[in-house]
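Working notes, structure below.
The values are calculated or read from the model by the stated rules, or taken from the named source; none is laboratory data. No experiment lies behind these values; they were computed from the predicted model shown. Here the Cβ is made from the backbone with ideal geometry for all residues, glycine too, and neighbour counts use every protein chain on show. These area figures cover heavy atoms from the full protein model, side chains too; ligands, DNA and RNA do not enter into them. Shrake-Rupley method; radii C 1.70, N 1.55, O 1.52, S 1.80 Å.
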Amino acid sequence: MVERLEWRRGRARRASAAVLAGFALLTACGGGADGDDRQAGPPTASGTLEQLASKAHCDPNLQTDAEELRQANCTTDDGRYVLATFATDRGQREWINEANDYGGSYLVGRKWVAVGDADVVAALRGRLGGTVETASSHHSGNSGGGGNEAGHSGHHGS
């Protein structure tokens with residue numbers, strides 16, 4: 001059982017790395033928005049990656065299709081972003097916690113995340129609902145001494 005759990009964690013980390021790489025590519029390439037900054041959004045959407053993509057007006061370019069994580073790149077009139085769905089709430093939260101190290105804007109729903117520039121995420125919120133989370137990059141040049149780096153490994157002592 002422990003070996004299977006470790007194997008799954010390894011797969012999930014590799015899949016997370018793929019999503020983060022896609023996000024890094026998107027933020028490096030920019031991606032415009034039309035300025036749709038509505039504060040209130042519709043009720044938070046749910047469904048499969050394809051159903052969410054349809055609600056967001058995206059023809060998804062599937063990049064990762066694993067049991068724990070499905071991820072697609074999307075390009076719409078609002079800009080480019082990554083849309084990811086998760087098998088579990090815990091898997092989603094672990095992914096977001098790891099992704100926060102890279103900074104960025106995240107539109108978060110139950111078992112899904114859209115990642116892109118702040119303007120793109122704001123526009124998506126008008127279609128998908130959800131909660132916007134913004135992370136500041138830990139790699140911004142000021143590492144300081146106030147954090148506990150052990151917390152970034154995903155392992156917790158017992």
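Scanning segment 80-98 for residues that are open to solvent by 40 Å² or more (accessible area, probe 1.4 Å), under 23 Å from S136 (Cα atoms) and not in a strand (DSSP E or B) returns D89, R90, R93, E94, N97, E98. When the residues of segment 99-120 are filtered to those that are within 10 Å of the chain's Cα centre (by Cα) and assigned to a helix (DSSP H, G or I), the one that is surrounded by the most Cβ atoms within 10 Å (Cβ to Cβ) is A99. Within the bounds of segment 86-103, is there any residue that is of a type in the set (A, V, I, L, M) and either at pLDDT 95 or above or farther than 17 Å from E133 by Cβ (or both)? Checked against the condition, which is being of a type in the set (A, V, I, L, M) and either at pLDDT 95 or above or farther than 17 Å from E133 by Cβ (or both), segment 86-103 yields at least one hit. Across segment 121-134, the number of residues qualifying as in a helix (DSSP H, G or I), in contact with a strand residue (DSSP E or B) (Cβ under 8 Å, 6 or more places away or on another chain) and of a type outside the set (G, A, S) comes to 4.
Which residues, counting only those in segment 59-79, are in a loop (DSSP other than H, G, I, E, B) and under 26 Å from R90 (Cβ atoms)? Answer for segment 59-79, where residues must be in a loop (DSSP other than H, G, I, E, B) and under 26 Å from R90 (Cβ atoms): P60, A66, E67, E68.
The requirement of being open to solvent by 80 Å² or more (accessible area, probe 1.4 Å), at pLDDT 50 or above, part of a helix (DSSP H, G or I) and under 17 Å from N97 (Cβ atoms) is fulfilled nowhere in segment 39-51; no residue meets it.
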